[in-house]
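Asker: My questions will all concern the structure given below.
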């Protein structure tokens, strides 16, 4: 137990470092820009109507407070952090005066659902098939799968999403290609809505899964083909242990440990994929929100989504790290 | 081996389960649980609305501007149709008559209609109009606060049907603020807003409607809004024209242009706000009952908006009229029109949109002046106008488009415009040289010896057609020896044009009523009093930040004459001559909107043959089409 | 000793075939080997590393998978009479036999226990299908067996990485003997252990073998271990069996020059003579020398040795050797 | 080097396919120098023509020849990938070698930072960069930004190689002979690390090209420079899919997928070649 605590503390420290570096990066990038977010906001707001000079002055004052541009460098920096910690990124420009945090809160469940489902399915499926392919190396259909995985895995998410959209949206229009659910359905735990969400998620999820499965498949296959030659597997075979048990508890499970680490390492990359996939399919998650915020020049929203994605991804990684000892009891001692 | 088969089967099952009923699904892009025959589906061109539950349009920039509110629920005193209108371009909506000014235009008196009711059953009265002014003046951060505070000294409502505006200064065009052209100052419900502590932070959800529809439901993720016809639609201003056809209106985000085309081909989107020309061609070809404003080429509805190259005249290089004219003479407008609209554009050589009643009021009467217009480059004198450009464009189109391209000169003028400035590299060179620029090899150098770099800002895929025009112009400038670059600003174009953070951009600063010859709608804001210093935000709409004493004189003169005074047109012509000489912006063409209407479920849409309204989905004016729509059989 | 052989190996041949970047290679690692093992005896298999010992026992144990392939011959167990080798028997039959009749203590036993499973789980995986009974019965049996080997039952809750090397090896022996098998293959079980632990483990193997009456095929390159433990001894060189006989007889009178070298290179107390070291190194099995494979290093080699493979002949009753010199009486 | 190439070509199917794909792609890029059309100009040929003898891959709605436009686009895209890969190699070699060689606290700190960059979602950060830099975001600047974000994964690989090198005898010899750390790393260790550097270069190119395409398609790139992503961007602008101008989308996608798969296969086969197991098998001494 103590060693687990030690391990957990170390992982937590790494998490804090990721968040610290990531969010500082965001801070530096946004503050190194020649653009003045306040003037930008004022320009955006006034571009829709004749606004009196007094009104502009008033607006400038309140925006300067909101963006924490008052005071010295240190004060600005600490205001920024206190805002991040309170998840308060001020009002969105493109949806003024709705707070950025409420927009993100609305989009986040969509992304979590899509990303979580696609990641879990592709991880499980890829590892299952890859494990089988590594174990039954002569099987033809598994070999074919390997070739497919090799051809699909290096292709970027956008291309796969676009191809899926063309095939299933235009050429062979089976599935909805835009939105998160059908119109005029009550959002909530009712069957028509859930079915509709599932239908709308198929193509975005599929584009994430197709690529994901490929990469897990290839990784698992090579891991397994190494593990089957390891002594404990050979030994279990000699012992006449049930082959299914060997495949499950001796080969797959042992190969899973590095794949869990791999999952943690690639979470950021998968999130990148989700951003673009959401945009292609008009899925109402944070990816679409981010791209639209850039198009709309919504400073607070871009910063907010970036910060939340850094936090979210690092939290996901932390969670995986903390669960990792369940898969591999050795880490408590060795790290 | 057997066990491996089991594994594979399990994996296959898992895959199949991940695609529930994949094989039986159809693309279901229409609202559920509403009979399709009672539903009109329109595109909300703003796309996905981020704070979907916000309906307080009087708060700055908040919520959607075209989620249906503008056509289904809002109303104000007057409307001017960009086309002919149902009963003339001018419509007294909440007002019973045209505005009455006193002699020196410092007071405006309005008579209101009676018997109109808000959707919650409260009667509409002059108190609502007064509250609209008072609340926005009292809360300076609201949408129309500034314009009202600047103009209105006080507003009185002596009886339920009379409103008297006392103005701070003479202003013969004050009523324009309450006259819908796209939008205007909408009337707010006093009985709702008077209970609200901070009206700028009030979301107005669910909105109380003054027009024929009320909110039925909306997507918290901002992808769709559904409005339902009021039981008491007769107690609204639209009731005068009979019962609106559609019982339900859905304003939806159908996605990017290609998805819009697919949606209409599947009869899931009755009115597309705008698409690319290629998308329009596809719809015209494959959509059995889809059509645009024109039944054939050039399809699009010409908005009373002049698309052009807007110069930042505070820019070092662009201060100089010779440089601006040189840049104009480097352009071959035929190539621009082909690139942008594939020829489907209405060109204009002068800074007035070639649409609505303007060709009759300005373009045709001034054709002779334009032909004789002369530029002195210092080395030579040229008459830059080429009256045959529109005809040349039709000649270019005819081989591929065939008989849908008109041959009749009148028809050509109607859909393609008249002439434009002829591309003249020689004159351009002479003008630039007079301005102190020198050509070094193929590259123009500025007077201080640096390469002449010029950025042209475009919106990217938010406005594909304008982006293409910009790309073509940049190419022509580059070929003429200027280091021209395209600058894709996406949505930040609005911000940057206001901030003056550009060299030049493709867009518009000339917007007119369309159905009325008065130019003050845009011109009044061009007065030098409103021009911001470099680096400060420029208020609507003088984006070129251009000032001229003669212009100020014209504007001041217009303020002193009545809206319908024929002298207005003469002053307008003076404006055209001045702007032609000075070229603060290069006029290109009308902003043609490829609004595609599917006649499968509804008939009676406004078209070029029956121009009673503008069909674009984001204009408040387009509400008039609801009363003319009939279910198709 | 009761005479019926529990394992009969006849003309067994196996080879490795590999192909990497176009370089293909055939390595005849088990080349025509014949011998047998009787019930209740410990048979030692000696030879330098990469002389084919491990491959031979893998082939005997039916662990033939690419790149290793069976070429011919048989290795028949008396408890599985109709199959020429385990490799060719039906998987169901093999599964029944394994661990119940045939168990294995592996080389590098540090790594033979699944690092991610508790010891108790490994016991269950390996032995439960053979022993059957309720979970309680099984647990009792395991505990009793551990007690027999003087192991603390608390190790069942441990993960392998929590145990020392020697402890892991003892656990492996307990695991290999829990089903009281007829035949145990032990491949270098003590190599990685320090001398004291090694002695302890050898004693453990000896006592459990005596207790259960099993046969053991004990493989090690360490001749001292053979001397101390085994009843009979086979010596391998470059994939071939070169000498086989009772351990005492072989040690008393090693016939093959290679055996002689192995035995003489053992350190002896009080003997500080300079021992003659063997010239050269073991041959590359991918390209073995013709004739007797030992001839390049053999002090007695003559022309015939370079051309013809010597046959395995009985030099004395129960003591066979493959050497032209012995055959000709030169040795 | 040539013999390695020959061996790989002769005996490794994956390498052969990868090599063929990349050869085609590289040939396309090389052809750009022979293009009859200026790469940035539009409406130089009749628009919307389907593939024909005159225009092999058809023409775009912008009046560009798809084939020749592709040649310059793939050249710029490959160039971009190479630039990112080369720049990021510098960082990953530096970090990997230093961490692996020094070990201890230096290693822990470097790896903590390294892991941070592995975990961070880079796409939002890149978008943030674009957002604040806007049109000052040139291709070269983007390459520099991506290089400074995309080195971490490979630094870890290089570190593990460096750690194993540290155990070897020649390192001790070098230390005893008085070489400085920098010299040891550069003269003794770098040559051993080069093969893995080479294969990570290929993977890194895939990564950066993938991001470039994605950013360009969204319009978050300098669209004055033709690239593969830029071509798809313009095709989307002209709704090429619904307009039926499929060749404008299909050929760039085909070519870029060839690039991805080709680079990936080269990296994989390169790795198999470097892998000690297979090397051992090649050199003989297959253990029994």
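The values are calculated or read from the model by the stated rules, or taken from the named source; none is laboratory data. Predicted model only: the values in this text are computed from it and were never measured. All Cβ positions, glycine included, derive from the backbone under ideal geometry; neighbour counts span all protein chains shown.
Asker: Starting from residues that are part of a helix (DSSP H, G or I) and under 17 Å from the mean Cα position of the chain (by Cα), keep the ones in the stretch B:341-375 and report whichever is nearest to the other protein chains (Cβ to nearest Cβ).
Answerer: That would be B:341.
Asker: Just give me the residues in the stretch B:102-124 being in contact with a helix residue (DSSP H, G or I) (Cβ under 8 Å, 6 or more places away or on another chain), closer than 27 Å to residue B:153 by Cα and assigned to a strand (DSSP E or B), in sequence order.
Answerer: B:108, B:110, B:112
Asker: If you don't mind, another one. Which members of the stretch C:57-75 meet the condition of being more than 23 Å from residue C:24 (Cβ to Cβ) and surrounded by fewer than 21 Cβ atoms within 10 Å (Cβ to Cβ)? Before you say what the answer is, go through the steps one by one.
Answerer: Restricting attention to the stretch C:57-75, the residues satisfying the condition of being more than 23 Å from residue C:24 (Cβ to Cβ) are C:57, C:60-62, C:73-75.
Matches in the stretch C:57-75: C:73, C:74.
Asker: Something else now. Taking the criterion of being outside any helix (DSSP H, G or I) and away from every other protein chain (no Cβ under 14 Å), would at least one residue in the stretch B:570-580 satisfy it?
Answerer: No.
Asker: Can I ask one more? Would you point out which residue out of B:417, B:402 is buried (at least 17 other Cβ atoms within 10 Å of the Cβ) and at positive phi?
Answerer: So the residue among B:417, B:402 that is buried (at least 17 other Cβ atoms within 10 Å of the Cβ) and at positive phi is B:417.
Asker: Restricting to the stretch B:191-219, count the residues that are surrounded by 19 or more Cβ atoms within 10 Å (Cβ to Cβ), part of a helix (DSSP H, G or I) and in contact with a strand residue (DSSP E or B) (Cβ under 9 Å, 6 or more places away or on another chain).
Answerer: Residues meeting the conditions: 2.
Asker: When the stretch B:233-260 is examined, which residues are found to be assigned to a helix (DSSP H, G or I), within 8 Å of another protein chain (Cβ to nearest Cβ) and touching a residue at least 40 places away in the same chain (Cβ under 8 Å)?
Answerer: If the condition is that a residue be assigned to a helix (DSSP H, G or I), within 8 Å of another protein chain (Cβ to nearest Cβ) and touching a residue at least 40 places away in the same chain (Cβ under 8 Å), then B:257 is the only one that fits.
Asker: Condition first: in contact (Cβ under 8 Å) with a residue 40 or more places away in the chain, more than 14 Å from chain A (Cβ to nearest Cβ) and not in a loop (DSSP other than H, G, I, E, B). Can you find one or more residues in the stretch D:120-131 that meet it?
Answerer: No, the stretch D:120-131 contains no residue that is in contact (Cβ under 8 Å) with a residue 40 or more places away in the chain, more than 14 Å from chain A (Cβ to nearest Cβ) and not in a loop (DSSP other than H, G, I, E, B).
Asker: In the stretch A:235-335, which helices (runs of 4 or more DSSP H) lie fully inside it and hold 1 or more residues that are more than 16 Å from the chain's Cα centre (by Cα) and surrounded by 24 or more Cβ atoms within 10 Å (Cβ to Cβ)?
Answerer: On the way: elements: A:253-280, A:286-296, A:299-327, A:331-334.
Per the criteria, A:253-280, A:286-296, A:299-327.
Asker: Just give me the residues in the stretch D:1-50 being farther than 30 Å from residue B:341 by Cα and part of a loop (DSSP other than H, G, I, E, B), in sequence order.
Answerer: D:1, D:12
Asker: Same structure, new question: Just wondering, is there one or more residues in the stretch D:83-95 that are over 17 Å from the mean Cα position of the chain (by Cα) and either closer than 30 Å to residue D:245 by Cα or part of a helix (DSSP H, G or I) (or both)?
Answerer: Yes: one or more hits.
Asker: Whether any residue in the stretch D:51-64 is assigned to a helix (DSSP H, G or I) and more than 14 Å from chain A (Cβ to nearest Cβ) is what I want to check. Walk me through it before giving the result.
Answerer: The initial filter retains those residues of the stretch D:51-64 that are assigned to a helix (DSSP H, G or I), namely none.
Within the stretch D:51-64 (the criterion being assigned to a helix (DSSP H, G or I) and more than 14 Å from chain A (Cβ to nearest Cβ)), the answer is no, since none of the residues qualifies.
Asker: Could you list all residues from the stretch D:226-240 that are modelled with pLDDT of 90 or more and outside any helix (DSSP H, G or I)?
Answerer: Scanning the stretch D:226-240 gives D:226, D:227.
Asker: Let me ask something else. Would you check if residue C:54 is closer than 28 Å to residue C:235 by Cβ, facing another protein chain (nearest Cβ under 10 Å), crowded, with 19+ Cβ neighbours inside 10 Å and within 15 Å of the chain's Cα centre (by Cα)?
Answerer: Answer is yes for this residue.
Asker: As an exercise: evaluate residue B:625 against (1) closer than 20 Å to residue B:248 by Cβ; (2) touching a strand residue (DSSP E or B) at 6+ places or on another chain (Cβ under 8 Å); (3) free of Cβ contacts under 8 Å to residues at least 60 places away in the same chain and give the number of the one condition it does not meet.
Answerer: The number of the failed condition is (2).
Asker: Looking at the stretch B:42-58, can you tell me whether even one residue there is at pLDDT 85 or above, under 30 Å from residue B:192 (Cα atoms) and not in a loop (DSSP other than H, G, I, E, B)?
Answerer: yes
Asker: Out of curiosity, is residue B:287 in contact with a helix residue (DSSP H, G or I) (Cβ under 6 Å, 6 or more places away or on another chain) and at pLDDT below 90?
Answerer: yes
Asker: Right, next: Any residue at all in the stretch B:427-436 that is more than 30 Å from the chain's Cα centre (by Cα) and on the phi > 0 side of the Ramachandran plot?
Answerer: yes
Asker: Going by the structure shown, is residue D:254 within 24 Å of the chain's Cα centre (by Cα), buried (at least 23 other Cβ atoms within 10 Å of the Cβ) and in a helix (DSSP H, G or I)?
Answerer: Spelling it out, it is not the case that residue D:254 is within 24 Å of the chain's Cα centre (by Cα), buried (at least 23 other Cβ atoms within 10 Å of the Cβ) and in a helix (DSSP H, G or I).
Asker: Can you pull out every residue in the stretch B:514-558 that is away from chain A (no Cβ under 11 Å), part of a helix (DSSP H, G or I) and crowded, with 17+ Cβ neighbours inside 10 Å?
Answerer: Listed by number, the residues that qualify are B:520, B:521, B:522, B:523, B:526, B:551, B:554, B:555, B:558.
Asker: While we're on this one: So, in the stretch A:170-193, exactly how many residues are crowded, with 19+ Cβ neighbours inside 10 Å and more than 7 Å from every other protein chain (Cβ to nearest Cβ)?
Answerer: Result for the stretch A:170-193: 1.
Asker: Follow-up question, since we're still on this one. Can you find a residue that is closer than 17 Å to residue C:211 by Cα and within 12 Å of chain A (Cβ to nearest Cβ) anywhere in the stretch C:138-152?
Answerer: No, the conditions are met nowhere in the stretch C:138-152.
Asker: Further question on the same structure: State all residues of the stretch C:290-331 that are touching a residue at least 60 places away in the same chain (Cβ under 8 Å) and more than 26 Å from the chain's Cα centre (by Cα); if no residue qualifies, say none.
Answerer: Across the stretch C:290-331, the qualifying residues are C:325, C:331.
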